[in-house]
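The values are calculated or read from the model by the stated rules, or taken from the named source; none is laboratory data. Computed from a predicted model, the values in this text were never measured in an experiment. Don't worry about glycine lacking a Cβ; one is built from the backbone with ideal geometry, like all the others, and counts go over all protein chains shown.
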Amino acid sequence: MPGTPKNPGHHEPNRALPYLGLALLTCLAYGRAVRFGFFHDDLFLARPLDTWRFLGLSPVGFYWRPLWTLWMSAQYQLFGLHPGAMHAASLALHVLNCWLALSFLLAAGVRRSVAVATVALWTILAGNSYPIVWISACNDLLAMAFLIPASQLILTPAERPPSAARTAVSSLLWLLSVLAKDIALVWPVAAAAILWARAGRAGTRGTSRGATLGRMAMPLVALLLYALLRARAQAAGGGYALTDLPGRGGHLHGYSAAVVVLGRAVHFLEALVYSYLPLDLFRSWVALGLGTLIAIGFASILVAAYRTRRHPLGTPVAFGLGWLVLFSLHGLVIPHPRALYVPTLGLAFLVCTLALGTDLFRRRWAPALACAAYLGMHIHLGQQSADFHSPDSPATLIHTSQLVLGSDPRITPEMKAYLRSQLRYENVDSLARLTKEENALWRTQLQRTLRKVGGETAGR
């Protein structure tokens, strides 16, 4: 476990304050997202609830994630084509995840200052802004909402192994998480190993071997059930194929498997660093130099924190690394910051354990870590606000025009027909506001299409 369990009889004053503070931090950091619009896949995934099928693929055609598509359909049913409400729902999901993560760490015996700092740092990591402010990326938020309590039921309390009931509920929660996004496929194997190890430490493995094996089987049965359902929805291969790796034309094409794996690992580490410092978003040499100095200072603080630690940190470090590795399989396949929402909680825990477990915190260096992360997050969020979600940005105009005109080769006739149906029977103004005084070519094409759709609507 990450730390020593607290005395259950000890009363902590102001217990609700950290939870309220995390909610306030999320609102301050991401509140502007409620004014963002739709972006690309959002419009395809917003489907009426009666079109949802449990074994059906997502409207974009690539994934079987029924809980994700159900959530998107439920939002469409409630809000229609009003992106502000959907963005608010994503913010609420992230706040819930912050609360769940904090409760998990406190239940595991993590010192309160480390637990609060971990979740606060995690919520402002630059890469994590993707799922928080991109409507269709809410599958990460949903998966995390089930993964945290699933892990907590297995790992706490530290004094005894989980009961059969807790293990069963934990396995069910894991199954729900992968129905939102298949980001934790190795979790059941790790859970079975943890159950076996915890029974050995408690001295119950020999006396109740049958019960121990029964509990170990529960997460594995959940994994088997998911594999069977996925194979039913996506044919025998379950939707997994080597085409997920670099294909023809990719920069690693033609190299050996070892080179491909190493390349993916390097990109994954780059994505982790990006969470603290998105260097590609600095718009000038001065800003880039400042960002580089922040990165060097950040690395120096971590090294100094580890070298000056007062107490052994073996167990907390192992916990943080374990979480980071356990949920990084999807991030290795898609080495992009937006794929690391779940595993970066372990990274934030490692950073805060090292920083707050040493004298550096008393020297007031630790706040520099949060400042660097907060700076990176705001630079990244500002860029998304300007390029991805601003109604008058060229990127939004281009992507929306591609959707409406069907110029994106991935857009099937069925997708185009659905989008035109949305424009016909919903509020055309919700997308007409995209026609600002930016990018005249795309604006003209989009206006022409909207007028045509509007004319068809008026003629009916």
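Going by the conditions given, is LEU70 without any contact (Cβ under 8 Å) to a residue 24 or more places away in the chain and buried (at least 17 other Cβ atoms within 10 Å of the Cβ)?
Judged against the criteria, LEU70 is a match.
I'm checking my understanding of the structure. Among residues of the range 321-356 that are in contact with a Pro (Cβ under 8 Å, 6 or more places away or on another chain) and not in a helix (DSSP H, G or I), which one is modelled with the highest pLDDT?
Selected residue: TYR341.
Filter the range 200-222 down to residues that are at pLDDT 90 or above and buried (at least 18 other Cβ atoms within 10 Å of the Cβ), then give me how many there are.
Number satisfying all stated conditions: 5.
Among the residues of the range 42-70 satisfying the criterion of being part of a loop (DSSP other than H, G, I, E, B) and within 17 Å of the chain's Cα centre (by Cα), which is modelled with the lowest pLDDT?
TYR63
What is the residue count in the range 145-192 for residues that are of a type in the set (Gly, Ala, Ser) and more than 19 Å from the chain's Cα centre (by Cα)?
Summing the residues that are of a type in the set (Gly, Ala, Ser) and more than 19 Å from the chain's Cα centre (by Cα) in the range 145-192 gives 10.
With respect to ALA180, is the statement that it is crowded, with 16+ Cβ neighbours inside 10 Å, in contact with a helix residue (DSSP H, G or I) (Cβ under 6 Å, 6 or more places away or on another chain) and among the small types (Gly, Ala, Ser) true?
Yes; evaluated as a whole, the condition is true for this residue.
Residues in the range 110-122: is at least one crowded, with 22+ Cβ neighbours inside 10 Å, within 30 Å of LEU224 (Cβ to Cβ) and at pLDDT 90 or above?
No, the conditions are met nowhere in the range 110-122.
Check the range 81-103 and report whether any residue there is closer than 15 Å to SER129 by Cα, in the same structural domain as PRO316 (by TED's automatic domain parsing) and in a loop (DSSP other than H, G, I, E, B).
no
Could you look through the range 20-41, keep only residues that are over 26 Å from LEU179 (Cα atoms) and charged (D, E, K, R), and pick out the one that is nearest to the chain's Cα centre (by Cα)?
ARG32
Does THR51 meet the test of being buried (at least 17 other Cβ atoms within 10 Å of the Cβ), farther than 29 Å from PRO316 by Cα and β-branched (Val, Ile, Thr)?
Here the answer is no, as THR51 does not meet what is asked.
I'd like the residue in the range 152-198 that is part of a loop (DSSP other than H, G, I, E, B) and of a type in the set (Gly, Ala, Ser) and, out of all such residues, is modelled with the lowest pLDDT.
Restricting to residues being part of a loop (DSSP other than H, G, I, E, B) and of a type in the set (Gly, Ala, Ser), the top hit is ALA158.
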